Amino acid sequence: MSRMLRPHHGMCFQFYEGKGYSEDFTDHMGRIIREMEADPTQQVMLKVETDIVCENCPNNEGGKCTTQDKVKRYDEEVLKACGLEDRDEIPYADFITLVHDKIIKTGLRSDICGDCSWDYICRGKELPQ
Ligand code: SF4
């Protein structure tokens with residue numbers, strides 16, 4: 001069975017450095033990333049909804065993100081840039097490679113989620129264009 005991932009988390013995973021909305025949230029996110037990386041051929045289902053990362057987030061109110069409009073926009077733009085659609089299933093490693101090649105390497109990341117409160121972390125790690 002494939003694990004559910006909201007598409008924009010494919011960007012967050014690549015810049016994760018142990019910071020987040022709460023200690024519980026960041027520990028959980030780190031654990032999810034380690035599990036994914038330990039089994040990169042596993043299928044993920046890309047869904048524009050709260051996912052396995054959102055489970056422990058203080059912004060998750062009864063299964064709905066409090067910044068829903070913003071994160072939905074991030075998700076939809078990630079899918080579009082990668083040539084994917086909501087509910088597509090793809091091996092985890094292939095998805096991460098697509099996000100890297102189509103969004104991070106091309107410098108598109110800040111156009112998609114430059115208004116995120118964690119943008120400074122990702123911006124600091126990107127290669128100069
Ligand atoms: S802020 Fe929203 S999208 Fe991000 S992890 Fe929390 S609930 Fe999920």
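Quick note: the coordinates plus some simple rules give every number you see, no bench work behind them. This structure is a prediction, so every number in the text was calculated from the model and none was measured. Quick reminder, even Gly has a Cβ in these numbers, built from the backbone with ideal geometry, and neighbours come from all protein chains shown.
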Which order do peptides 82-90, 49-57, 35-43 fall in by mean Cβ count within 10 Å, highest first?
49-57, 82-90, 35-43
Determine the dipole magnitude for the stretch 3-115: charges of +1 sit on the beta-carbon of Lys and Arg, -1 on that of Asp and Glu, nothing else is charged, the reference point is the Cα centre, and the result goes in debye to the nearest 20.
200
With +1 assigned to the C-beta of every Lys and Arg and -1 to the C-beta of every Asp and Glu, and no other charges, what is the dipole magnitude of the stretch 6-57 about the Cα centre in debye, to the nearest 20?
180
Compare the Cα positions of Y21, L79, Y92 along the charge dipole of the stretch 3-115 (+1 at Cβ of Lys, Arg; -1 at Cβ of Asp, Glu; about the Cα centre) and return the one farthest towards the positive end.
L79
Most exposed first by the Cβ proxy, i.e. fewest other Cβ within 10 Å, how do R34, R6 rank?
R34, R6
Sequence gap at least 6, Cα distance under 8 Å: using those rules, report the relative contact order of the chain to the nearest whole percent.
31
Sum of -39500 (n - 2.57) over DSSP H runs of 4+, divided by residues of the chain (222 nm, nearest 500):
-13000 deg cm²/dmol
What net charge is computed for the residues neighbouring K64, neighbours being all others with C-beta under 15 Å from the C-beta of K64, Lys and Arg scored +1, Asp and Glu -1?
-2
Let me check I've understood the local charge: for C122, count other residues with C-beta under 13 angstrom from its C-beta, Lys and Arg +1, Asp and Glu -1. What total comes out?
-1
Once amide hydrogens are built 1.01 Å from N within the peptide plane, the residues lying 5 or more places from D88 or on another chain with amide H under 5 Å from its amide H are L46
